[in-house]
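Shown next, in structure tokens, is the structure this report addresses.
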Amino acid sequence: MTALKAGELAPDFVLPSTPDQKVSLAELRGQPVVLVFYPADWSPVCSDQLGLYNELLPEFSEFEAQILGISVDGIWCHLAFSKDRKLHTPLLADFEPKGAVARMYGVYDEKTGEAGRALFVIDPEGVIFWSYVSPVGINPGADGILKALAAMARRNREASPKLMDPPKQETP
Amino acid sequence: MNESPSLTPPVSTRDHSQGPANAPLTLVEYGDYQCPFCGAAYPVVKQLQEALGKKLRFVFRNFPLTQAHPYALIAAEAAEAAALQGKFWEMHDLLFERQRILEPGILPVWAREVGLDLEQFGAAIREEGIAKRIKEDRTSGIRSGVNGTPTFFINGSRHDDAPDYDSLAVALQQQLEGI
């Protein structure tokens with residue numbers, strides 16, 4: 001399975017984030033979205049990948065980016081995990097049909113029946129700007145995401161200066 | 001793409017370090033005083049220092065996980081305030097050795113115990129310099145690819161194996177032989 005790459009359209013999906021709420025990727029158009037596929041809730045370390053992103057929400061919010069965690073765990077598992085780790089990012093349940101969204105993005109691991117550790121930074125138009133699949137067992141950290149968000153913000157500013165900043169504030 | 005992320009910025013005189021500046025090995029830890037895994041890594045680092053002696057320089061940078069650990073930031077501030085009186089490592093050690101009973105109210109007691117001037121200590125924590133320094137450490141950690149705590153770097157490269165004695169000792173030894 002090959003993960004989707006930069007330049008490809010991010011496939012749309014609707015997944016539950018709580019027992020009575022769903023998140024639709026299409027509804028997040030207009031802002032950057034970071035998809036964080038991960039194998040499972042309850043990994044045996046504190047300050048794991050999601051915990052780290054949770055700490056870095058101020059940095060992500062500078063780019064107005066919405067972070068979404070996705071695993072094949074069910075919604076009640078996500079709720080308990082979120083509460084335990086005090087996570088503020090939505091965790092989406094790619095539970096039924098199992099791993100369907102992970103498969104669409106090319107990051108489902110058939111052997112383990114879990115999503116791999118993969119990151120997708122999606123631009124406000126819904127196109128993948130950057131993607132990264134981490135080696136098994138290695139937490140990729142946040143530097144790649146933040147660099148991608150910064151590069152995307154630069155590109156968007158150059159492409160449409162009127163929409164972003166008044167011309168006066170543009171650096172000469 | 002699978003290359004280990006590298007330490008940015010490199011170790012400088014700004015850092016808190018133990019061991020010779022020209023040591024062939026430099027071990028950098030990004031840590032959080034309230035993180036139990038950093039607490040577990042604390043005696044590991046001591047053991048490595050003992051085993052490697054002058055071949056090892058150890059550097060500690062702050063990476064407080066303030067969402068997960070409510071006292072991580074105040075503990076980091078206490079160590080940095082102690083540093084202004086030349087007692088960084090004394091406070092650093094005490095914070096890890098007594099991690100289980102860490103709480104803000106006890107910090108002045110520990111500050112007195114390591115011989116700090118309490119008035120200066122309190123004033124330093126209230127000033128912006130320390131908060132700024134901790135933030136700089138954090139930013140450098142993010143740029144370096146810190147992915148949790150503790151994260152170790154050996155001669156600038158992230159150590160992706162377990163932060164236990166055997167794994168770190170082997171990695172350091174390999175680095176030493178490669179030089």
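The values are calculated or read from the model by the stated rules, or taken from the named source; none is laboratory data. Owing to the predicted nature of the structure, the values given are computational and were not obtained by experimental measurement. Here the Cβ positions follow ideal geometry from the backbone for every residue, glycine too, while neighbour counts run over all protein chains shown.
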- Could you list, in sequence order, the residues of the stretch A:1-18 that are in contact (Cβ under 8 Å) with a residue 60 or more places away in the chain and under 13 Å from A:LEU91 (Cα atoms)? A:LEU15, A:PRO16, A:SER17, A:THR18
- Task: Report the residue count in the stretch B:125-156 for those that are farther than 21 Å from B:ALA68 by Cα, at pLDDT below 95 and not in a helix (DSSP H, G or I).
- Result: 1
- When only residues in the stretch B:146-179 that are closer than 20 Å to B:PRO10 by Cβ and of a type in the set (Gly, Ala, Ser) count, which is surrounded by the fewest Cβ atoms within 10 Å (Cβ to Cβ)? B:GLY178
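A quick yes/no check of all residues on (1) among the polar types (S, T, N, Q); (2) modelled with pLDDT of 95 or more; (3) out of contact with any His (no Cβ under 7 Å at 6 or more places or on another chain):
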site	(1), (2), (3)
A:GLU59	no, no, yes
A:ILE67	no, yes, yes
A:LEU79	no, yes, yes
A:SER82	yes, no, yes
A:HIS88	no, no, yes
A:ALA93	no, yes, no
A:ALA100	no, yes, yes
A:ASP123	no, yes, yes
A:VAL127	no, yes, yes
- Task: Find all pairs meeting these conditions: Cβ atoms under 9 angstrom apart; at least six residues apart or on different chains; first residue within the stretch A:76-89 and of a type in the set (D, E, K, R); second residue surrounded by 19 or more Cβ atoms within 10 Å (Cβ to Cβ) and assigned to a helix (DSSP H, G or I).
- Result: A:ARG85/A:LEU50; A:ARG85/A:GLY51; A:ARG85/A:ASN54; A:LYS86/A:GLY51; A:LYS86/A:ASN54
- Looking across the stretch B:34-53 at residues that are away from every other protein chain (no Cβ under 14 Å) and closer than 22 Å to B:SER140 by Cα, the single one that is surrounded by the most Cβ atoms within 10 Å (Cβ to Cβ) is B:VAL45
- Which of (1) out of contact with any Ser or Thr (no Cβ under 7 Å at 6 or more places or on another chain); (2) of a type outside the set (Phe, Trp, Tyr); (3) more than 22 Å from A:LYS5 (Cβ to Cβ) is the odd one out, the single condition A:VAL121 does not satisfy? (3)
- For B:GLY31, the lone unmet condition from (1) without any contact (Cβ under 8 Å) to a residue 24 or more places away in the chain; (2) within 14 Å of chain A (Cβ to nearest Cβ); (3) among the small types (Gly, Ala, Ser) is (1)
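Given the criteria modelled with pLDDT under 95, farther than 20 Å from B:SER157 by Cα and crowded, with 17+ Cβ neighbours inside 10 Å, does B:LEU94 qualify?
Taking the combined requirement at face value, the residue does not satisfy it.
Looking for whichever is assigned to a loop (DSSP other than H, G, I, E, B) and buried (at least 21 other Cβ atoms within 10 Å of the Cβ) here; the options are A:GLY137, A:GLY141. Which one fits?
On the way: A:GLY137 fails: buried (at least 21 other Cβ atoms within 10 Å of the Cβ).
Just one listed residue meets the conditions, A:GLY141.
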- Query: A:TRP76 fails exactly one of the following numbered conditions: (1) farther than 21 Å from A:ILE145 by Cα; (2) surrounded by 14 or more Cβ atoms within 10 Å (Cβ to Cβ). What is the number of that condition?
  - Reply: (2)
- Which numbered condition B:ALA171 fails, given (1) away from every other protein chain (no Cβ under 14 Å); (2) under 28 Å from B:GLY86 (Cβ atoms): (2)
- Residue hits (the stretch A:19-47; within 14 Å of chain B (Cβ to nearest Cβ) and either of a type in the set (A, V, I, L, M, F, W, C) or surrounded by fewer than 18 Cβ atoms within 10 Å (Cβ to Cβ) (or both)) are A:VAL36, A:SER43, A:PRO44, A:VAL45, A:CYS46
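Return the residues of the stretch A:124-135 that are of a type in the set (Val, Ile, Thr) and more than 11 Å from chain B (Cβ to nearest Cβ); say none if nothing qualifies.
Selection gives A:VAL127, A:ILE128.
Can you confirm whether B:THR139 is closer than 11 Å to B:ARG61 by Cβ, within 13 Å of chain A (Cβ to nearest Cβ) and buried (at least 17 other Cβ atoms within 10 Å of the Cβ)?
No: the conditions fail for B:THR139.
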- Message: Tell me whether the stretch B:11-19 contains one or more residues that are aliphatic (A, V, I, L, M) and under 15 Å from B:HIS92 (Cβ atoms).
- Response: no
- Message: Quick check on the stretch B:54-97: of everything there that is under 21 Å from B:THR151 (Cα atoms) and basic (Lys, Arg), which residue is farthest from the other protein chains (Cβ to nearest Cβ)?
- Response: B:LYS55
- Item | Top-ranked residue in the stretch B:54-73 [being assigned to a helix (DSSP H, G or I) and touching a helix residue (DSSP H, G or I) at 6+ places or on another chain (Cβ under 8 Å); ranked as nearest to B:VAL44 (Cα to Cα)] | B:LYS55
